[in-house]
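Each remark here refers to the structure printed beneath this line.
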Amino acid sequence: MKLSEIARLVGGELAAAGDLEITGVAPIGQAGPGDLTFVANPRYRPLLKSTKAAAAVVDNQTEFPGLALVRHPNPYYAFLLVIRHFHPEERPVAAGIHPQAFVAPDALLGKEVGLGPFSVVESGAKIGDRTLIAAGSYVGREVEIGADCLIYPNVTLRERVWLGNRVVVHSGTVVGSDGFGYAKEKGVYHKIPQVGTVVIEDDVELGANVAIDRATMGETRIGKGTKIDNLVQIAHNVKIGENSIIVSQVGISGSTEVGKNVTLAGQVGLTGHLHIGDGVIVAAQSGVHRDLKPGQIVLGSPARDLQKSKKIEAIISNLPEYIEKLKKLERAIFGNKHAEASKTPAAISSETPEEVEAK
Amino acid sequence: MKLSEIARLVGGELAAAGDLEITGVAPIGQAGPGDLTFVANPRYRPLLKSTKAAAAVVDNQTEFPGLALVRHPNPYYAFLLVIRHFHPEERPVAAGIHPQAFVAPDALLGKEVGLGPFSVVESGAKIGDRTLIAAGSYVGREVEIGADCLIYPNVTLRERVWLGNRVVVHSGTVVGSDGFGYAKEKGVYHKIPQVGTVVIEDDVELGANVAIDRATMGETRIGKGTKIDNLVQIAHNVKIGENSIIVSQVGISGSTEVGKNVTLAGQVGLTGHLHIGDGVIVAAQSGVHRDLKPGQIVLGSPARDLQKSKKIEAIISNLPEYIEKLKKLERAIFGNKHAEASKTPAAISSETPEEVEAK
Amino acid sequence: MKLSEIARLVGGELAAAGDLEITGVAPIGQAGPGDLTFVANPRYRPLLKSTKAAAAVVDNQTEFPGLALVRHPNPYYAFLLVIRHFHPEERPVAAGIHPQAFVAPDALLGKEVGLGPFSVVESGAKIGDRTLIAAGSYVGREVEIGADCLIYPNVTLRERVWLGNRVVVHSGTVVGSDGFGYAKEKGVYHKIPQVGTVVIEDDVELGANVAIDRATMGETRIGKGTKIDNLVQIAHNVKIGENSIIVSQVGISGSTEVGKNVTLAGQVGLTGHLHIGDGVIVAAQSGVHRDLKPGQIVLGSPARDLQKSKKIEAIISNLPEYIEKLKKLERAIFGNKHAEASKTPAAISSETPEEVEAK
């Protein structure tokens, strides 16, 4: 494909004398002759010097004489369009019902629906046009799935959950498992029936081995365009707004509401019944126990505002020096004898329980 | 259903003049005309003023003139009974063997067992009366399952594991995977055969995508009535007592023993070979490295007694102010010059490695 | 089996007068008459006094008159060999193609391959000799699997992933799910096609419900002999070296490279694009945000060198006492009035957001 055609494809501008032939795409460190690469983050610009790529997609600020460039205000997005062109999407199942699938007689299938071997579509389910349900996946009773969805192998969609259009669900994921709710009576836990459902809006993607619980009553809801990574836990009655990013191994407890354009980094935990405002960013491994206002950026367990948390982290790293200073002051004021007596060595030795062990 | 009938159903007391007709159940914020709602937590009592519900289940202390009330000492439990009445349980598979299931000829099935499409029951397995094994679930060789169990779709029960009566296992969960044990010899890890099993006692519920490893030798055991949430890791040879609550994404390392009536909140980690006493509560995201006595409540990583941990958290939040005080004292005692010289700015800037990034 | 035969089997030395008959194997606390047990960790030596075992495998240093001993420099490894002898491996599926499996006509199967009921082998896949694919597992298009692999039930191997020889994959695990990558354009996330693959080298074991994402371009790679526990997240383009140990619930973010002989303990999180040197040990629940040099041992979130981190932990445990000292100094220098005025009680009470709640 000619570089000029690529420029046209991505809506960018060709900034090169000749019109090269591009035969593939690759990251800047691995690109070879004939490849197109890209630079989105300015700190990778120096790599343009050493790349073997034939050409690069760059932003409007990047200058690099001697390499054919395609300019686009969002090079990462432009590059995505090129990857799509060179690598047409692989689909895990073709249109049509595999002879070894099971489909209830009253299920409603749209046009060009694909059902893989050993997939199950239960009674009353509705599946939209061109949606693919891969091998071993389960679509429960009265589930509704929109058009152009892609359900990878070994997914479980429990009864009555609702998926919009263009939803992607990766393998091992469970949508609509029972919420975790029990009432204790006479020392024994009794299960609260979980009679609500789950709504997954258009353009959501769910990673592998995710668990999304159905609501006790009402619904658990994932907003349009939100992307959820692998091994995430979404408890009953959680609501997540549009275009949020939930990174791997995050856990969100029951009834918490997360706004739009929120980012929860890896392994974050949110307790229940919180309100997390639009545009919030929670750094990796943080634990959030309180409502967060729109735009807040927090870090730590318990989570604090980013700047404060970083300041505290820096102090903690220097605590040994600060304690030395404290002791020096004590000696200056009270004399050595007193300072000696005020040491707490026993407590120190008994308070180092951490052990490095694999298991 | 008449409110008086509901009072009778739950064993409560009708505290209302007229006898209303109840048509549904809903949480207090969402209830509409005809609905019954409930208040268990005193802090939600004010919501009784604004609810549109026709009636509420409340405890014996709550007074609210103008709303029909059913009194019960445990309103949450009473409400649970009402939900069950209005929403009969949905079962993911009917009694009977689906023609597309696979059952080994020598498997023993009780009365009214239900096997969904593409479920597998291997040789020597025994399944109790009325137990349901949903689509795509796997019951390995010589597994024993009691009566009235509910195994949701795509569950894996490995060879020889044992489940009691009324056990519920949600989708994607694996019971009896090999424990994680290797002996290193000449720089290479050799697998310790994991020849033990798993015992799941009566009335246990396992969430979605849980992993419970079989014992190296002997058994991993989950006690009667214990409830385990989604994405929990239970390592080999762990023992958990009765009526404990293990919240989502908890990890329990090998050979640790957890008592009765314990609560491990979300994302807690326990190292191996610990003894956790009855009634212990471990707060979310805590890391436990030492034995805990019965009734201890702990928080933090490393976990400390709750009150101490809260005190320390409060101090940490105020560390910037305390360090200012320390410096002020230094200036007062040693003068400005000395205090200036003792600053450690380089260390501070090099010790803020945290970055807020989605991945 | 005679003890002398066991000594020969493990390549050890018989240190006993008579030649006992051994009928089973068991851990030291549970062993009964006729059992062989072992002591690898010197702190368990005292248990030799009370064990009911007939004999024990011990190292060359352990003396214990009155018990039959087999000496081996690595007793744990020797014991492993004995367990293997007494408990021949159980395999979840026999050789041969189950009549209810689905195999694409152009898939290439080696000798004595076993395919369980409802397993799927897609077009162009190649499966090596004696490899077993258990019930409900999915082998995508053009997947290549070596010889002597063991794929437990309900595993998903997505298109084009590559597994070496003697690889073990536990139930619920997904290899080759799409990496988590999106470009934001006009407020909406657009998926970066994930067109790379995953390479799992020889002798790797993957636990249950693990997720390993395919690379955006190029490959995600798990090195020879590395062992990965349950519920671990491996993001796109991660590389892990040989003989590393990744304990349960660890998350490794995109493009991070982990060396050889590394140990990541339970619930550790690594941010993206890091280089973790050979032989590194990361303690449980730590969060790593920076490159680590070969041999570093780190602890904490953020992770610090082990000794420093332990020192800081000890100081943190004693912070209440240190703050008392600080206040005493303030009173001594500035008088009571000033010290009183400088207290920050409001901040303290507002900064204890932690709540102990199950969910």
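The values are calculated or read from the model by the stated rules, or taken from the named source; none is laboratory data. Everything quoted here is computed from the prediction, not taken from an experiment. FYI the Cβ positions are ideal-geometry reconstructions off the backbone, even for glycines, and counts take in every protein chain you see. Quick note on the areas: whole protein, heavy atoms, side chains included, nothing else; ligands and nucleic acids left out. Shrake-Rupley method; radii C 1.70, N 1.55, O 1.52, S 1.80 Å.
What pairs in B:Lys191/C:Lys227; A:Lys328/C:Lys328; A:Lys311/C:Lys293; B:Lys327/C:Lys327; B:Lys260/B:Lys293 have C-alpha atoms more than 19 Å from each other?
Listed pairs above 19 Å: A:Lys311/C:Lys293.
For region C:179-186, just list the computed ³J(HN,Hα) in residue order, Karplus coefficients 6.51, -1.76 and 1.60, θ = phi - 60°, integers in Hz, with x standing in for Gly and Pro.
x, 9, x, 9, 9, 8, 9, 6
For an R0 of 60 angstrom, estimate the FRET efficiency from the Cβ-Cβ distance between A:Glu185 and C:Met1 and round to the nearest 0.05.
Computed FRET efficiency for A:Glu185 and C:Met1: 0.65.
Sticking with the crude label model, points 7 Å out along Cα→Cβ, report the distance from C:Glu90 to A:Gln307 in nm, one decimal please.
Using points 7 Å along Cα→Cβ, the separation is 6.1 nm.
Describe numerically, in nm with one decimal, the distance between label points set 7 Å from Cα along Cα→Cβ at B:Asp19 and at A:Lys52.
The modelled label-to-label distance comes out at 8.8 nm.
Output the residues of region B:221-266 meeting this criterion: accessible area (heavy atoms, 1.4 Å probe) in the chain alone minus accessible area with all protein chains in place is 30 Å² or greater.
By number: B:Lys227, B:Asp229, B:Asn230, B:Leu231, B:Gln233, B:Asn243, B:Ile245, B:Val247, B:Gln249.
Can you tell me how region A:1-140 classifies by the Cα gyration tensor, rounded, prolate or oblate, using a/c under 1.5 as the rounded cut?
Here region A:1-140 falls in the prolate category.
Can you list, shortest first and in nm, the gaps between the label point of C:Ser4 and those of its counterparts in the other copies, using a point 7 Å from Cα in the C-beta direction?
So the distances to the same position in the other copies read 9.0, 9.0 nm.
Whole Å is fine, so just give me how far the alpha carbon centre of region B:85-103 lies from that of region B:111-187.
For region B:85-103 versus region B:111-187, the Cα centre distance is 16 Å.
Which of the residues in region C:156-182 lose at least 20 Å² of accessible area when you go from the chain alone to all protein chains together (probe 1.4 Å)?
For region C:156-182, once contacts with the other chains are taken into account, C:Thr156, C:Arg158, C:Glu159, C:Arg160, C:His170, C:Ser171, C:Val174, C:Ser177, C:Asp178, C:Phe180, C:Tyr182 lose 20 Å² or more.
How big a patch of accessible area, both sides summed and in Å² to the nearest 100, lies buried between C and A at a 1.4 Å probe?
7000
Does chain C classify as rounded, prolate or oblate by the C-alpha gyration tensor (a ≥ b ≥ c root eigenvalues; a/c under 1.5 gives rounded; else a/b over b/c gives prolate, otherwise oblate)?
Oblate.
Can you list the aspartates and glutamates whose alpha carbon is less than 18 Å from that of A:Lys52, not counting same-chain residues fewer than 8 positions off?
A:Asp19, A:Glu21, A:Asp35, A:Glu63
What are the label-to-label distances in nm, one decimal and shortest first, from A:Glu63 to the same spot in the other copies, with labels 7 Å along Cα to Cβ?
8.2, 8.2
Once neighbouring chains are kept in place and the probe is 1.4 Å, which whole percent of the accessible area of the protein assembly as shown is contributed by carbon and sulfur?
In the protein assembly as shown, the share of accessible area belonging to carbon and sulfur is 53 percent.
Just list whichever of A:Lys308/C:Lys325; B:Lys184/C:Lys308; A:Lys186/B:Lys239; A:Lys184/B:Lys224 have alpha carbons separated by over 21 Å in the model shown.
Check vs 21 Å cut-off fails for A:Lys308/C:Lys325; B:Lys184/C:Lys308; A:Lys186/B:Lys239.
Taking a probe of 1.4 Å, how large is the accessible area per residue of the protein assembly as shown, in Å²?
Per-residue value: 37 Å².
For a quick check of understanding: with a 1.4 angstrom probe and all protein chains in place, what accessible area in square angstrom does A:Ser244 have, to the nearest ten?
A:Ser244 exposes around 0 Å² with every protein chain in place.
Say each of C:Leu9 and B:Glu219 gets a label point 7 Å from the Cα, pointing the same way as Cα to Cβ; how far apart are those two points in nm?
With each label placed 7 Å out from Cα toward Cβ, I get 2.6 nm.
How about region B:115-134: which of its residues lose at least 10 Å² of accessible area in the presence of all protein chains relative to their chain isolated, using a 1.4 Å probe?
Buried by 10 Å² or more upon assembly, which counts only protein chains, are B:Pro117, B:Phe118, B:Val120, B:Glu122.
In whole Hz and in residue order, list the ³J(HN,Hα) couplings for region B:41-56 that follow from phi through the Karplus curve 6.51 cos²θ - 1.76 cosθ + 1.60, θ = phi - 60°; x for Gly and Pro.
Computed from phi, the couplings for region B:41-56 are 8, x, 6, 8, 3, x, 5, 4, 5, 9, 5, 9, 4, 7, 7, 9 Hz.
Using a 1.4 angstrom probe and counting only protein chains, how large is the accessible area of C:His236 in Å², to 10?
Number for this one is 20 Å².
Report B:Leu9's accessible area, 1.4 Å probe, all protein chains in place, as a number in Å² to the nearest 10.
The value for B:Leu9 is about 80 Å².
Sum -39500 (n - 2.57) across every DSSP H segment of at least 4 residues in chain C, then divide by the residue count to get the 222 nm mean residue ellipticity, nearest 500.
Calculated from helices alone, the mean residue ellipticity at 222 nm is -5000 deg cm²/dmol.
Order A:Arg91, A:Arg71, most accessible first, counting only protein heavy atoms with a 1.4 angstrom probe.
Sorted by accessible area, descending: A:Arg91, A:Arg71.
In a Debye calculation with equal point scatterers on the alpha-carbon sites of region A:164-293 and no solvent, what is log10 I(q)/I(0) at q = 0.13 Å⁻¹?
These q points yield log10 I(q)/I(0) values of -0.48.
Quick one: grab the alpha carbon gyration tensor of the protein assembly as shown, order the square roots of its eigenvalues as a ≥ b ≥ c, and give me rounded if a/c is under 1.5, else prolate or oblate depending on whether a/b is larger than b/c.
Note, shape of the protein assembly as shown comes out rounded.
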